[in-house]
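S.K.: This is the structure I have questions about; it appears just below.
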Amino acid sequence: MFGYRVPAPDQAMLISGGRRGQGGAPFRVVTGHGKFVLPVFRKVRFLTLAMCESEVAETCVTRQGIALTVRAVIAFKVGNDTESVVNAGQRFLSEQDQMAVLTGRIFAGHLRSIIGSMTVEEIVTERQKLATEVLETSKTEMAKIGLIVDSLQIQSIDDGDTGYIEAMSAPHKAAIQRQAQIAQAQATQASVEAQQEAARNQAEYTRQTAIVQAEYSAEVDRAQAHAAQAGPLAQAHAQQEVLAAQTELAQRAAQLRQQELVAEVVKPAEAEAERIRLLAMAEAERMKIQAEAAASHDRVALDRMLIDQLPQIVKEASAGLANANVNVLNGTDGLGEIAAGLVGQGLTILDSVRRNLGTPGGETANADKNGGSGTTNGHSGRVEIE
């Protein structure tokens with residue numbers, strides 16, 4: 001749009017030709033937005049707000065009188081506030097490249113001033129302290145011209161041909177070299193120990209490998225030997241099983257044959273022996289029965305004969321009494337007792353004969369064994385034979 005101007009993000013637009021700016025500035029400052037500017041009546045200029053850089057290489061003398069060449073880099077820019085823009089615009093708007101030149105000169109002066117109050121050892125070992133002091137001393141001066149310093153870096157410190165810094169570093173170099181040698185020796189020793197340990201580990205690994213291989217070979221040999229013996233062993237085992245089966249079969253056959261012999265020979269023989277024994281027993285029993293029957297028949301005949309002879313025996317006994325002196329003490333009863341006594345003696349003789357012949361039942365006829373005494377006791381009579 002005609003007459004409308006907009007500054008870049010890193011620029012400040014300075015408008016002159018109208019009413020004055022803030023604080024009596026000869027121009028108005030516009031940042032971050034656009035503005036209508038009347039042509040011919042107003043004039044617009046732009047001031048950069050971007051970061052700028054300035055390098056310093058200054059020869060400074062320390063408190064010890066030793067000349068040092070110090071190289072530094074300063075990063076600076078125009079401040080963002082209106083006052084800083086106005087101060088920088090009034091000084092550098094026409095020649096903005098002079099900001100770096102002027103900043104370098106300002107910092108060179110401050111470096112000489114601060115380094116003159118320090119020793120070489122402090123400058124070398126405390127660079128950050130040097131940079132901080134330079135920034136602090138230049139801050140006010142830089143603010144007056146509208147500039148702010150973001151950073152200051154000391155790039156190098158050189159003492160030329162004096163060799164002071166090198167001499168100062170010699171003990172440190174020697175200590176460092178000694179430490180380096182010690183470290184190198186330790187590293188070499190550690191390397192040798194590591195190599196020896198690696199060699200021992202390799203030897204141990206080789207030994208273990210050989211042992212494992214030997215064990216594996218032995219196991220393979222055992223397996224092969226076992227496999228080689230497996231066939232004969234299996235055959236022998238099979239033959240043993242066959243022999244055992246044949247033995248068992250033979251035993252069963254022998255048992256069967258024994259059973260057959262028992263059934264064919266022993267059992268018939270035992271049956272025949274039992275039959276003969278039974279027949280013998282039957283025959284013996286028959287003969288016994290016949291003997292008993294014959295004996296019974298003989299006894300019956302003998303008894304009959306004795307009975308038939310009994311009157312004769314009594315008669316003979318009574319004949320013996322014919323010449324005897326018989327005294328009858330009790331009359332008729334006494335005679336009866338004599339007769340009874342004679343009969344009893346006959347029976348006794350019959351029983352004695354039976355016993356002498358071995359016939360059972362001889363005791364049945366033994367009615368009275370006291371009749372042979374020559375004296376018979378009756379109920380009321382007494383007979384005496386002389």
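S.K.: Counting only residues that are touching a Lys or Arg at 6+ places or on another chain (Cβ under 9 Å) and open to solvent by 80 Å² or more (accessible area, probe 1.4 Å), how many does the stretch 95-117 have? Please lay out each step first, then the result.
M.R.: The first filter runs over the stretch 95-117 and keeps only residues touching a Lys or Arg at 6+ places or on another chain (Cβ under 9 Å), leaving 98-99, 102, 115-117.
Now narrow it down to the ones that are open to solvent by 80 Å² or more (accessible area, probe 1.4 Å): 98.
The qualifying residues number 1.
S.K.: Next question, about the same structure. Considering 151, 169, 156, 138, which residue is closer than 17 Å to residue 58 by Cβ and surrounded by fewer than 17 Cβ atoms within 10 Å (Cβ to Cβ)?
M.R.: 156
S.K.: Which one of 122, 133, 55 is among the acidic types (Asp, Glu), open to solvent by 20 Å² or more (accessible area, probe 1.4 Å), free of Cβ contacts under 8 Å to residues at least 60 places away in the same chain and touching a strand residue (DSSP E or B) at 6+ places or on another chain (Cβ under 8 Å)?
M.R.: 55
S.K.: Does any residue in the stretch 82-95 that is over 15 Å from residue 31 (Cα atoms) come within less than 7 Å, Cβ to Cβ, of a residue that is open to solvent by less than 60 Å² (accessible area, probe 1.4 Å) and assigned to a helix (DSSP H, G or I) six or more places away or on a different chain, and which pairs are these?
M.R.: That search, which allows pairs on different chains as well, returns 92/99.
S.K.: Considering each residue of the stretch 76-87, count those that are part of a strand (DSSP E or B) and open to solvent by 20 Å² or more (accessible area, probe 1.4 Å), and give that number.
M.R.: Count: 1.
S.K.: May I ask you to list the residues in the stretch 29-60 that are modelled with pLDDT under 90 and of a type in the set (Asp, Glu)?
M.R.: 58 - this is the single residue of the stretch 29-60 that is modelled with pLDDT under 90 and of a type in the set (Asp, Glu).
Residue-by-condition table, conditions (1) more than 50 Å from the chain's Cα centre (by Cα); (2) open to solvent by 70 Å² or more (accessible area, probe 1.4 Å):
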position: 178; (1), (2): yes, yes
position: 202; (1), (2): no, yes
position: 215; (1), (2): no, yes
position: 230; (1), (2): no, no
position: 255; (1), (2): yes, yes
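The values are calculated or read from the model by the stated rules, or taken from the named source; none is laboratory data. Since the model is a prediction, treat every value here as computed from it, not as a measurement. Note that each Cβ is placed from the backbone with ideal geometry, even for glycine, and that neighbours are counted across all protein chains shown. Ligands, DNA and RNA are stripped out before the accessible areas are found, and what is left, the full protein with its side chains, is counted by its heavy atoms. Shrake-Rupley method; radii C 1.70, N 1.55, O 1.52, S 1.80 Å.
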